[in-house]
Structure formats: C-alpha cells, structure tokens
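Quick note: the coordinates plus some simple rules give every number you see, no bench work behind them. All figures in this text were calculated on a predicted structure; none of them were measured in a lab. We place every Cβ from the backbone using ideal geometry, glycine too, and count neighbours over all the protein chains shown.
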Amino acid sequence: MWTLPIIKAKEIVVPDVLEVALDQFEIIDVPVGVEEGKLNSGLVIYPNPFDNKINIKVIQNYSTIKVQLFEITGQLMEEQQFNNKSDFQIKNNYPKGVYFINVYGDGALITTQKVIKL
C-alpha cells in the first residue's frame with residue numbers, strides 16, 4: 001500500500017514581517033492506492049504488470065463473464081465474453097502503457113482494475 005505524507009503546520013504570523021516561522025508541524029501518512037495481489041470481489045487478474053497475456057480467474061460462479069480492456073485515454077481496446085468458464089486469458093500485442101480492465105459477471109460490474117503492459 002502506498003502512502004502519501006501530509007504535513008500539517010501552524011504558522012506564527014507577525015505583522016509587517018515578511019518571514020514566517022513554523023512552530024509546530026505533524027506528518028500523517030494517508031493511503032493513496034489499492035494493495036496489489038489481494039482477492040478483489042472473487043476475482044484475480046494476473047500478472048500485473050503483464051507482457052503478452054493477462055490471466056483472469058473468477059472464484060464466484062457466473063454464467064457469463066464479459067471483459068473490457070481500455071487504454072488510459074478511455075478508448076475501448078478489446079471486449080470478450082466467456083460463458084461458463086472460470087479461468088481465461090486475454091492475449092494481446094498492445095503498446096506499453098497503463099490499461100484498465102472492467103470485468104462483468106452476469107451483466108453486473110464485478111471490478112475495474114488498473115494493469116500495466118511492459
């Protein structure tokens with residue numbers, strides 16, 4: 001999990017002086033991301049980052065799985081539908097970059113995950 005430090009400071013303001021001094025400050029770590037490798041809604045997408053194929057394993061039972069792959073700008077790159085399967089691969093030759101995968105189970109969105117193409 002990535003954290004972003006936030007610094008809180010109290011200022012002492014002195015009239016007609018251009019300098020400011022920090023008397024007290026506090027650093028707080030705030031999470032800014034999603035932990036990789038966690039089971040997400042009964043679904044695992046791996047490897048991440050990926051090279052030429054993405055594996056998807058669905059733990060829960062769905063009769064229909066639809067997978068959409070978008071590039072970072074939101075353009076739909078690929079859409080595939082799988083019936084009565086729990087393990088499948090998406091093979092590709094897309095350029096290196098950041099992509100988003102939407103996975104739907106029986107028409108309902110299960111997850112959206114960011115993946116990186118090496």
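Give a residue-ordered list of calculated ³J(HN,Hα) values for the stretch 92-104 (Karplus: 6.51 cos²θ - 1.76 cosθ + 1.60, θ = phi - 60°; whole Hz; x for Gly, Pro).
Result, rounded to whole Hz: 7, 9, 6, x, 4, x, 9, 10, 10, 10, 9, 10, 10.
Under 22 Å between C-alpha atoms is the cut-off here; go through the stretch 43-117 and count lysine pairs that meet it, provided they're at least eight residues apart or on different chains.
Eligible lysine pairs with Cα atoms under 22 Å apart amount to 19.
Could you list which residues have their amide H under 5 Å from that of Ile110, counting only those 5 or more apart in sequence or on another chain, with H placed in the peptide plane?
Val103, Tyr104, Gly105
For the stretch 43-117, what proportion of DSSP beta bridges, expressed in % and rounded to the nearest 5, is antiparallel? Please list the in-between numbers first.
Numbers: 32 of 33 bridges.
Once the DSSP bridges in the stretch 43-117 are tallied, antiparallel ones form about 95 percent.
What FRET efficiency comes out for Asp87 versus Ile116 if R0 is 25 angstrom and r is the Cβ-Cβ distance? Round to the nearest 0.05.
Efficiency at R0 = 25 Å is approximately 0.70.
Collect residues whose amide H, placed 1.01 Å from N in the peptide plane, falls under 5 Å from the amide H of Thr64; neighbours closer than 5 in sequence don't count.
The answer is Asn84, Asp106.
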